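Structure record follows, encoded as structure tokens.
The values are calculated or read from the model by the stated rules, or taken from the named source; none is laboratory data. Treat the numbers as computed from the prediction; the structure is a model and nothing was measured. Positions of Cβ are generated from backbone atoms using ideal geometry, with glycine treated the same way; all protein chains shown enter the neighbour counts. Quick note on the areas: whole protein, heavy atoms, side chains included, nothing else; ligands and nucleic acids left out. Shrake-Rupley method; radii C 1.70, N 1.55, O 1.52, S 1.80 Å.
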2 protein chains.
Amino acid sequence: MEFKYPIKTRAVWWERDQVCWIDTRRLPFEEVIVCTSDPGRMAKAIIDMEVRGAPAIGVAAALAVAAYARSIEDRSLSEFVEHVNKAIDMLWRTRPTAHNLFWALKRIRNKLDKAKRTASSSAEAAKALVDEALKIMREDIEANIRLGEYGARLIEDGDVILIHCNAGALATAAFGTVGGILRVAWYQGKRIKVITTETRPVLQGARLNTWEYTREGIPVTLITDNAAAYIIRKGLVNKVLVGADRITREGYVVNKIGTYGIALAAKRHNIPFYVAAPTSTIDLESSIDDVVIEERDPEEVRRVLGKYLITMPDIPVINYAFDVTDPDLVTAIITEKGIVYPPYQENLRKIIGS
Amino acid sequence: MEFKYPIKTRAVWWERDQVCWIDTRRLPFEEVIVCTSDPGRMAKAIIDMEVRGAPAIGVAAALAVAAYARSIEDRSLSEFVEHVNKAIDMLWRTRPTAHNLFWALKRIRNKLDKAKRTASSSAEAAKALVDEALKIMREDIEANIRLGEYGARLIEDGDVILIHCNAGALATAAFGTVGGILRVAWYQGKRIKVITTETRPVLQGARLNTWEYTREGIPVTLITDNAAAYIIRKGLVNKVLVGADRITREGYVVNKIGTYGIALAAKRHNIPFYVAAPTSTIDLESSIDDVVIEERDPEEVRRVLGKYLITMPDIPVINYAFDVTDPDLVTAIITEKGIVYPPYQENLRKIIGS
């Protein structure tokens, strides 16, 4: 596949009729690449967070079904359809709240249903599934590029940009949302620098952002999460750029825990606080009152890298995975359809309808 | 020594003519107690941060000189004075910016100078040094108790209090400043709960606060640093209580990195933000423009517990040990002489003069 910009880092891709991914849990210590045609192996990869980030998961699941389909294309069509349907069902159950996962698997299932009626062979049906999965992957990357181009308009030469968690290539098929903006700005020749929080408890900043942006050549500096407000106070960054897991119709931004505190500091010191999010993240059906923040395993906080105990073994923990940032703290929301400014209640509706 | 309240946890103490301390680096995993009469061993303990927290360091150094003095009290007076002076010099050089250290060693040196002129034996001189060191320790604990009693007036039954870093018994000879307030409130029968940040990079919250307050019986819950703002937003705490390393004449509070971000969130959600600090922390000579924030070893951020690498080995790091909180974010400053409210420029001067 050819794209407008070089694609140096991929979270998940298609290679010799298999789906391949980089195991993000082992970054930046080891670059472990896994390829498979076994949908059970991909289910494990999603459950164990070898692949993480909603868009990356959706693409990975679609490619996994396609690879499996190709591997059994010598079976009878009825047997083929039965087995592929089972694979879709299994992948569907891996992450109960991953909208992109369901959306991608629905697209694959629709193609399968169509092939069941019209295909003359399993090989023809498999080809249709592979084409659809590759299309899902291409669309994700192209949307990130468009989002990146919109966002890069807001980035100036010499900017130092604070980021939090990983919304880069490693959270999508490639290029990323926050990552897309940074990349386009970089390819445009803007000499930007990035400061990333470490992003406890899972350390996506320390592990993934450092690796991903160093690989791209973009200078990246690491801070502890609790240094963000002081870094902003000292004027060491002049913009904040974060991703989003969900945006409500009023413009409340649900994103990785820690986002809200950064937004408060950005507001206090009058620097822009930008949110990069594909329009699929904007949920016009949901209000802030509907948002339930996931609480995750206390062991994530008690340990580091899933291994090393840093506190008393049984200490009570509160471990919200995400927080909520109020619309008044958000300077703009950057999507693949354009940049949305306040009032969000009105303008989010417009961009979705556009 | 008898005090008004039970002293369950000590950072440093006197036992059988030796100075003893708990190695805070190994808490909460191991309770390692070390006792010595060797001032070189104490110098190492201070440099390596086995003993940390400005008041604790001052008391530890004074007790170490006293223990050494007692161990060489059979020497001639002139030899005794020469050796003790050398021990003081060595301890003086352990931490270049620790005001409490110099202040405590000066008091010991004054006693030594006096003994040199008036004592009839080394044993008599040694006794004078031991008495002075024990007095320094007693004064520290009594000041913390007074500070605790003032602060406890602000604490109500049922309060859930957010704390950051350790300003507890483990940062003083005993009882603590923030720890003093929590303890007095607890002994008064107020059913308080504590939520502590983990306090990266050195994890004083995760390691020391959990251990110290669990030992006291006070319920303590652990969060990541980046969860503080959201915990406040959700109303899960109703007061913030932090220590201070230095307070300028205008009321700017220099404290552990992360304090500023918590103060911003407390302000946004209108909950009190209290600072517990002995008057020795208030520096009427210094203005915010004079404050230089210490930048520490990048390895503190790249690793956890001084061992486990969490990022790329050579990634650039910014590691400010402290940050600055503006006076307008501080509800009150609690000292051993009373509670100081704004305007701080005026009222800090008054309390120091009182």
*Only residues that are in contact with a Gly (Cβ under 7 Å, 6 or more places away or on another chain), among the charged types (D, E, K, R) and over 19 Å from A:GLU300 (Cβ atoms): list them for segment A:174-225, please.*
A:ARG183, A:ARG191, A:GLU212
*What is the residue count in segment B:58-105 for residues that are in contact (Cβ under 8 Å) with a residue 40 or more places away in the chain, polar (S, T, N, Q) and open to solvent by less than 70 Å² (accessible area, probe 1.4 Å)?*
4
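Having 2 or more residues that are without any contact (Cβ under 8 Å) to a residue 40 or more places away in the chain is the bar; report the strands (runs of 3 or more DSSP E) wholly within segment A:150-252 that clear it. Break it down stepwise before answering.
On the way: elements: A:160-163, A:193-197, A:220-223, A:239-242, A:246-248.
Of the strands (runs of 3 or more DSSP E) lying wholly inside segment A:150-252, those with at least 2 residues that are without any contact (Cβ under 8 Å) to a residue 40 or more places away in the chain span A:193-197, A:220-223.
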*Scanning for something within 14 Å of chain A (Cβ to nearest Cβ), among the hydrophobic types (A, V, I, L, M, F, W, C) and assigned to a loop (DSSP other than H, G, I, E, B), does segment B:274-289 turn up at least one residue?*
no
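Using the structure shown, decide if A:TYR274 is closer than 26 Å to B:GLU300 by Cβ, in contact with a helix residue (DSSP H, G or I) (Cβ under 9 Å, 6 or more places away or on another chain) and not assigned by TED's automatic domain parsing to the domain that holds A:ILE136. Lay out the reasoning, then the answer.
Details: closer than 26 Å to B:GLU300 by Cβ: no; in contact with a helix residue (DSSP H, G or I) (Cβ under 9 Å, 6 or more places away or on another chain): yes; not assigned by TED's automatic domain parsing to the domain that holds A:ILE136: yes.
No: the conditions fail for A:TYR274.
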*Go through segment B:262-271 and count every residue that is among the small types (Gly, Ala, Ser) and in contact (Cβ under 8 Å) with a residue 40 or more places away in the chain.*
2
*Restricting attention to segment B:330-349, does a residue exist that is hydrophobic (A, V, I, L, M, F, W, C) and over 21 Å from the mean Cα position of the chain (by Cα)?*
no
*If A:GLY180 passes every condition in (1) surrounded by 20 or more Cβ atoms within 10 Å (Cβ to Cβ); (2) over 24 Å from A:LEU101 (Cα atoms) but one, which one does it miss?*
(2)
_With crowded, with 19+ Cβ neighbours inside 10 Å, touching a Phe, Trp or Tyr at 6+ places or on another chain (Cβ under 6 Å) and assigned by TED's automatic domain parsing to the domain that holds A:PRO272 as the only criterion, which of A:ALA173, A:ALA169, A:ALA185 stands out?_
A:ALA169
*Give the residue, chosen from A:TYR230, A:TYR213, that is surrounded by fewer than 24 Cβ atoms within 10 Å (Cβ to Cβ) and at pLDDT 95 or above.*
A:TYR230
*Within segment B:315-331, can you find the residues that are open to solvent by 30 Å² or more (accessible area, probe 1.4 Å) and among the hydroxyl-bearing types (Ser, Thr, Tyr)?*
B:THR331
